[in-house]
Amino acid sequence: MTSVFFEKKEKIGELLVRRGKLQPNQLERALSHLETVPQSLGEILMSLGFVSEEDLLAGLAEQFSFDIYSPEPDDEFLSLDISPLFHREHHFALIRRGDKNILILNDTKDGDIFSAVEILLSEPFEVQLTLEATLKKIMDEEYELGSDVEAADDSLIDESDIDRLKDMASEAPVIKYVNTLIDTALNRRASDIHIESFEEGQLIRFRIDGILHDYEIPPISMQAAIISRIKLLATLDIAERRIPQDGKISLRISGHEVDLRVSTMPTIYGEGVVIRILEKGSIILELSHLGMATEIEKKFRNLIMVPNGIILVTGPTGSGKTTTLYCALNQINSGNNKIITLEDPVEYQLHGINQIQVHPEIGLTFAKGLRSIVRQDPDIIMVGEIRDFDTAEIAVQSSLTGHLVFSTLHTNDAISAVTRMIDIGVERFLIASSLRGILAQRLVRRICPDCRVVMPGALDVHLSKDIMQAAGSDFEMFVGEGCSHCSSTGYSGRIGIYELLNMSQGLSRGISQGVNQDVLEKIAEDEGFQPMFMDGLNKVKEGKTTLSEVIRVCRGVTHGSV
């Protein structure tokens with residue numbers, strides 16, 4: 001019986017365009033979301049604000065040849081022998097009008113409703129559509145079920161609004177949505193969840209292997225409650241929307257221990273939320289798992305065994321710098337040395353290592369914490385990031401007094417770290433005396449092993465003459481065709497590409513003498529330094545990644561730019 005209800009005469013998007021309720025460019029934009037978010041086209045159109053619920057309902061009625069429900073005096077609402085829980089999750093009502101049974105609903109996709117009604121009635125029925133608010137009112141009055149969630153007012157919040165937001169955030173549909181959101185992000189190997197507020201409503205995206213992918217657009221009626229739910233879990237102030245807030249959530253989902261770092265930010269259309277996902281036990285802190293080339297890994301292992309000095313890891317945010325430092329500390333954590341870290345935030349707990357969380361709001365900054373650390377008699381110190389002169393100065397002084405110091409800098413390549421330290425205010429002779437080595441890195445997406453094939457056609461990018469000469473032309477390149485294992489992206493997971501600059505007498509002398517960066521680059525190249533792009537190119541030859549990925553992440557890097 002249910003198949004009769006779904007004989008579509010015309011696609012809903014085309015129907016709405018024909019009726020003048022939707023612009024073709026709006027339909028095109030909504031269709032672009034259809035492949036990446038688990039929602040119907042109608043839900044996407046409403047979430048984006050392109051059509052009203054009334055217009056969509058009228059379109060669906062024409063599409064399926066349904067009538068729009070209009071109450072009549074002789075309507076008799078039928079009692080339902082089903083659980084209230086089922087009825088709260090599946091919104092519908094049944095009436096008897098004369099000799100006809102009529103099913104009233106709002107969601108034509110909910111097949112469970114049709115199956116349940118067929119069992120309940122065991123006789124024919126017709127379908128009529130109504131607005132969601134009207135249906136909820138009927139369910140509240142006739143079946144005493146009440147509404148699920150009501151839209152929140154986004155104006156200034158008073159005490160009653162706070163209580164209402166808390167109530168909304170505790171409603172079953174909101175709890176289920178947030179739990180499903182996090183669970184889906186874990187299953188899709190996302191590192192971050194982005195909830196962004198725009199004029200037309202919220203947009204939710206997952207960062208997977210460094211790339212953002214659209215997720216389901218939540219109903220407008222739930223959007224405020226979703227953010228409130230997340231803020232409550234992170235013990236943030238749900239009444240405060242004017243300033244950024246940071247919090248933490250510890251959960252156990254599907255047998256996994258998960259830490260979520262929550263950051264909120266006010267924007268002109270509402271709050272934006274970013275959730276960093278840190279799954280305990282999922283990270284393997286071994287240098288051999290980072291994907292370093294054999295020669296680079298060998299040199300880096302030797303570098304981290306030096307007794308004192310500074311070792312820097314550079315790269316943009318999200319390039320894996322902290323993971324590399326954790327692997328290095330794990331490698332040299334022999335048990336007969338004392339290791340103290342100063343981090344913001346502490347991403348993973350390391351056994352046998354003293355880890356300190358920075359709290360600038362109470363005065364525990366990197367610089368102040370570092371001053372205290374050196375009085376704790378450490379052998380090895382890790383500073384999460386060198387951001388200012390005070391931190392850099394103390395780190396340098398610590399390295400010159402017998403400590404091995406690890407830290408990070410946000411620079412494009414290894415050589416630029418020297419320039420950055422000078423710009424911060426560190427004296428050249430101190431840099432030359434303390435710096436032992438610099439590792440620069442990026443993360444590129446791995447080709448999915450389940451759909452990897454030889455790339456058809458020739459090399460179709462323009463490379464510099466030197467790189468073309470280094471690359472040669474006698475190697476095959478691979479791509480991922482896209483499959484269920486990689487969500488049709490052709491990539492699964494990430495691998496690092498690196499350049500390692502070991503300090504030499506020539507480089508130290510050049511830094512002390514004040515030569516410019518170009519001269520330092522020439523000295524490094526003469527001593528055998530290999531730029532990051534070449535490491536990436538080697539991984540292309542090995543079939544681990546694609547040339548387009550290497551070009552994407554290396555764009556703007558001084559060495560090996562294309």
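Readers should treat all values here as calculations from the given coordinates under stated rules, not as data from a laboratory. Fair warning: this is a prediction, and the values are worked out from it, not measured in the lab. Here Cβ is always computed from backbone atoms with ideal geometry, including for glycine, and neighbour counts include all displayed protein chains.
Say the cut-off is 21 Å between C-alpha atoms; which of Lys299/Lys338; Lys298/Lys321; Lys298/Lys539 go over it? Beyond 21 Å between Cα atoms: Lys299/Lys338.
Cysteines of the chain lacking any other cysteine beta carbon under 4.7 Å? By the Cβ distance rule, which asks for a partner under 4.7 Å, the isolated cysteines are Cys327, Cys554.
Shown is the FRET efficiency for Glu200 and Leu287, computed with R0 = 45 Å from the Cβ-Cβ distance and rounded to the nearest 0.05: 0.45.
Dividing the mean sequence gap of close Cα pairs (under 8 Å, 6+ apart) by how many residues the chain holds gives a relative contact order of 9 percent. Find how many whole Å separate the alpha carbon centroid of region 15-34 from the alpha carbon centroid of region 500-554. Centre-to-centre (Cα) distance: 50 Å. If the chain linking Asp237 and Gln517 were pulled fully straight, counting 0.36 nm for each residue of separation and taking away their Cα-Cα distance, it would gain 96.0 nm. If you wrap the Cα atoms of region 11-52 in a convex hull and average its projected area over all directions, you get 2.6 nm².
Just one of (i) 98, 48, 48; (ii) 77, 76, 50; (iii) 98, 60, 39 is Cα extents along the principal axes in Å calculated from these coordinates, so which is it? The value matching this structure is (iii).
Take 87-99, 229-241, 319-331 and order them by the average number of nearby Cβ atoms within 10 Å per residue, most first; the result is 319-331, 229-241, 87-99. Report note on the peptides 403-411, 386-394: ranked by the mean count of other C-beta atoms within 10 Å, highest first, their order is 403-411, 386-394. In terms of packing, defined here as the mean over residues of other Cβ atoms within 10 angstrom, the peptides 514-523, 132-141, 50-59 line up highest first as 50-59, 132-141, 514-523.
With Cα atoms defining each centre, region 171-185 and region 313-366 are spaced 32 Å apart in the structure. Secondary structure note: in the chain, about 65% of the DSSP beta bridges are antiparallel.
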